[in-house]
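See structure below.
Since every read-out is calculated from the coordinates, none of them should be taken as a lab result. Just so you know, these numbers come straight off a predicted model, no measurement behind them.
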Amino acid sequence: MRNMRRLGTLLIAGAALLSSGSGGEAQDPAPQDRVLTAIERLRGEAEGAKEAIQQLVNLGETALPKLRAAAGTDPVFLKRVKTVISRITGQWGSDGRLIWKRSMEEARKSNVKGRPILVLQLFGKFDEEFC
């Protein structure tokens, strides 16, 4: 309820619906190496995991395929992976196939296929567990 005072606009760009084989990830191996290294750091201590979370968020959508594939039984690791995916996609609990944009400009830039853009004005912060 504490976030009910805040009104945010979230936009879905049609091109932001990701498929598991989007293609662009094989062109530059360096970001994927950084993704794998950061994912391994998520398994470590809290301070290193915080830095890894920020690094993965900065890498953005290129990290999503590897994050979705990250497996483990450690609940702390899985929550950290979920946190990264939610910060990238803008939606807590997302599997990373739908990306929410924070502005119309961002939505237009990512909409390379010219699909319709759905504009929603919603309360709360949807990239956090309890919005």
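In plain terms, the chain from ASN58 to ALA46 could stretch by 2.5 nm, reckoned as 0.36 nm per residue minus the Cα-Cα distance.
Residues in the stretch 30-39 carry Karplus couplings, in order, of 4, x, 5, 5, 5, 5, 5, 5, 5, 4 Hz; the curve used is 6.51 cos²θ - 1.76 cosθ + 1.60 with θ = phi - 60°, and Gly or Pro positions show x.
Report the full-extension gain for the segment ARG68 to VAL119: residue separation times 0.36 nm, less the Cα-Cα distance, to one decimal in nm. Contour length minus Cα-Cα distance gives 15.7 nm.
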